[in-house]
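See structure below.
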Amino acid sequence: MSCFTTRRRLFSLIPVALLALTAASTGLSVSLQAAPPAGFTPLFNEKDLTGFRGGDTFDHRKLLAMPEDQRAAQIAKWTTSMREVNPKTGKAHWYVEGNELVNDGFGAYATTEKDYGDFELLVEYKTVPLADSGIYLRGVPQVQIWDYTEKAKFNLGADKGSGGLWNNSPGAPGKDPRVLADKPFGEWNRFRIVMVGARVSVWLNGKSVVEHALLENYYDRKQPIPVRGPIQLQTHGGEIRWRNINIREIGGKEANELLAHHGEAGFKSVFNGKSFEGWDGPVDNYEVVENAVRCKPHKGGTIFTKAEYDDFKARLEFKLPPGGNNGLAIRYPGSGDTAYVGMCESQVLDDNYEKATGEKIDPRQTHGSAYGMVAAARGYQRPIGDWNFEEVTVKGSTIRVELNGTLILDADLSKVTEFMANSAHPGKDRTRGHFGFAGHNDPVMFRNIRIEPLPH
């Protein structure tokens, strides 16, 4: 178990950073820290390229979808490029010098053989004038590294410094770093990168440059980034040196805590963990177990807050049994089937529902979907038995669903004209109503249920 405190896990500056900052202030070399911090695993062994293969700017989903022989051939081609000798220097494009991993600016990217989900990455780098590089997260570009003095690239944002999610859309959160934090050339820079779902936070030299921003999928902006993928160190025409490259994988419990912590001040609990005080509907069909709401087996119906909401954000955790089925009642009028008479039912469903039950479902029935109207992206749930974190934002006619840090639905229901089974949804344009749970006979559990009303 990591020796770091919960406070560190909640995006405060971590104790390991203090060593680097102290060393920098006293003139000592940070490279004295040879062993990885507690809980971290080195990606670079300071001897050779073990653990790395070659890679490129290539959709990781497409790579995994290739037949095995084609995928192996493609990786071999990239790895050959990575290890190729530069005739001008007599050295490989990637080589080890002391405790540093050095790239001459050419060759395929150094790409981890292992894929990662949620993680905390620590890495130091030193580069040269006019260089341009970056770190790909789960194979998606990128945390930017470049020459913040190169005036020719000021129009691209170079003057703002490194650390931004440069391939995000113009104006999107995280595209530009919040502050200029690069050190002068010749000095080592230090990144701390925390990734939970598609949410990325970046610290450069101890300064927060990106805070909890969604990393967009460069390869297909209509789809979220992969749930797992490699870490890639990009080559881009100029020498860059790397050292102290360490990673710590983040488990579901910690990930949920990190997601819940960000922006928590505006949320208020709507469930006390002990009783159904403040709730209405068929509450006898539900029970309180371990501070959570649970639908009783073979029971159901929609229970809902006595309070009504127009625009709001809701945060909660849920846990599903195999084949589990439930839903979030959004702007529910207090009676009837919320999927049709409420603004919508935001589906809560086992991602492996078909395998668990043998039943086929419409894409508009998958988890996070606006039931029967708009399908959500699939494949972002934690394993059955684990708690998932979800945030739902309802504003005007729009609904956004973020599951475990990844945006899986972003829909404007006022524009929906086609419905599953041609069944109309007369409530989809409702502007106010209750929030609740639409049970469907399965013991689905909910806890830490909080709502933040939003201004109009």
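What follows is calculated from the coordinates using simple rules that are stated; it is not laboratory data. Just so you know, these numbers come straight off a predicted model, no measurement behind them. All Cβ positions, glycine included, derive from the backbone under ideal geometry; neighbour counts span all protein chains shown.
A few notes on this one:
- Shape category assigned to region 297-445 from the gyration tensor of Cα positions, a/c cut at 1.5: rounded
- The K415 and A172 beta-carbon pair, evaluated with R₀ = 25 Å, returns a calculated FRET efficiency of approximately 0.70.
- Bridgeable lysines around K62 (alpha carbons under 19 Å apart, same-chain partners fewer than 8 residues away excluded): K77, K114, K222.
- Short-range pairs are left out: with C-alpha atoms under 8 Å and at least six residues apart, the relative contact order of the chain is 15 percent.
- Proximal aspartates and glutamates to K126, defined as alpha-carbon separation beneath 17 angstrom and excluding residues fewer than eight positions away on the same chain: E46, E97, E100, D104, D147, E150, D182, E187, E239
- In degrees, nearest ten, helix 252-261 long axis to first principal axis of the chain (Cα): 80
- Overall, the anisotropy analysis places region 359-456 in the oblate class: the square-rooted eigenvalues a ≥ b ≥ c of its C-alpha gyration tensor yield a/c not less than 1.5, with a/b not exceeding b/c.
- Check: region 131-220 dipole with +1 on Lys, Arg Cβ and -1 on Asp, Glu Cβ, in debye: 260
- On Cα atoms only, tilt of 15-26 relative to the major axis of the chain in degrees: 30
- Cα-based shape type of region 6-256, given that a ≥ b ≥ c are square roots of the gyration tensor eigenvalues and the cut on a/c is 1.5: rounded
- Region 177-197 and region 93-107 have Cα centres spaced 20 Å apart.
- In plain terms, the residue of H434, H236, H367 with the fewest other Cβ atoms within 10 Å comes first and the most crowded comes last, giving H236, H434, H367.
- The length gained by stretching the chain between H262 and E150 to full extension, at 0.36 nm per residue less their Cα-Cα distance, is 36.9 nm.
- Here is how the number arises for the chain: DSSP H runs of 4 or more residues each give -39500 (n - 2.57), the sum is divided by the residue count, and the result at 222 nm is -3500 deg cm²/dmol.
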